[in-house]
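Step one of this worksheet: look at the structure below.
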Amino acid sequence: MDVRNTLSLAGGLLALGAVGYYWGGFGQSDSPLLNTDTSHLPDYDVVSIKGKQTNELGQITHTLTAERLEHYPQADNSVVTKPIVTLYKDGVSAWKISAQQALTSNHNRELQLNQQVLGQRINGQALSLETETLTANQELQTLTTAAPVIIRSPQGQISSVGLSANLQESTLTFTSQVRGTYVLPPH
């Protein structure tokens, strides 16, 4: 009887071990814990960014400060947290644009600013822009949005759905549903 109990106990433990091995996933070749696909992961992550870009004459074209930048190699784009972009015209700061987040694309030539986008003209007459999304193209020196936007100046404000701005030509084009107020200066 001793031998039967021992064999029975050993057989039961062996069966329990085999069931546990396969039931626990150890016999499977594709374990979810061993995922080797890293295409969705950033290849680098930078914090406390402060950068400048210059043209061929050495003049600053724009600066960028941000809390964090994560670059994703497969799509060659980046996610930037709390960016502040300063755009320059002829080496002099012209606009300061901030947002909660930005996405870069097209080899960092295009910047899609999202959430609480605020633009302020630095030189000349005070002018500010508010919207929820804004695309900045540094090669073309343009700003565009299809979202509602408000432009404020000391003389009044204009609201619109959609906007196109050419920074080189200093022009603003309102797309649709344009409304505004203008206060005449005292005589």
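Points to keep in mind about this one:
- Scanning the stretch 77-85 turns up one or more residues that are over 22 Å from His40 (Cα atoms) and assigned to a strand (DSSP E or B).
- Condition check for Gln120: assigned to a strand (DSSP E or B), at pLDDT 85 or above and either closer than 24 Å to Ser78 by Cα or within 20 Å of the chain's Cα centre (by Cα) (or both): yes
Per-residue answers, yes or no, for (1) open to solvent by less than 40 Å² (accessible area, probe 1.4 Å); (2) among the charged types (D, E, K, R):
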residue: Ser78; (1), (2): yes, no
residue: Pro83; (1), (2): yes, no
residue: Asp90; (1), (2): no, yes
residue: Ser93; (1), (2): yes, no
residue: Ile97; (1), (2): yes, no
residue: Glu110; (1), (2): no, yes
residue: Thr142; (1), (2): yes, no
residue: Ile150; (1), (2): no, no
residue: Gly180; (1), (2): no, no
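- Cβ-Cβ under 6 Å pairs, at least 6 apart or on other chains, the stretch 39-66 side within 25 Å of Trp95 (Cα to Cα), far side in a loop (DSSP other than H, G, I, E, B) and open to solvent by 60 Å² or more (accessible area, probe 1.4 Å): Ala66/Lys82
- Taken over the stretch 99-108, the criterion of being open to solvent by less than 60 Å² (accessible area, probe 1.4 Å) and not in a strand (DSSP E or B) is satisfied by Ala99 alone.
Residue by residue, here is whether (1) part of a loop (DSSP other than H, G, I, E, B); (2) closer than 17 Å to Leu167 by Cα holds:
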| site | (1), (2) |
| --- | --- |
| Gly51 | no, no |
| Arg68 | no, no |
| Ala94 | no, yes |
| Glu130 | no, yes |
| Glu139 | yes, yes |
| Pro148 | no, no |
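- Odd one out for Ser159 among (1) farther than 23 Å from Ser93 by Cβ; (2) open to solvent by 50 Å² or more (accessible area, probe 1.4 Å); (3) in a strand (DSSP E or B): (2)
- Only listed residue being within 16 Å of Gln168 (Cα to Cα) and of a type in the set (A, V, I, L, M), chosen from Leu113, Leu140: Leu140
- Restricting attention to the stretch 112-140 and to residues that are touching a residue at least 24 places away in the same chain (Cβ under 8 Å) and small (Gly, Ala, Ser), the residue that is surrounded by the most Cβ atoms within 10 Å (Cβ to Cβ) turns out to be Ala136.
The values are calculated or read from the model by the stated rules, or taken from the named source; none is laboratory data. Because the structure is a prediction, the values reported are computed rather than measured. In this analysis, Cβ positions are derived from the backbone assuming ideal geometry, glycine residues included, and neighbour counts consider all displayed protein chains. SASA here: full protein model, heavy atoms, side chains in, ligands and nucleic acids out. Shrake-Rupley method; radii C 1.70, N 1.55, O 1.52, S 1.80 Å.
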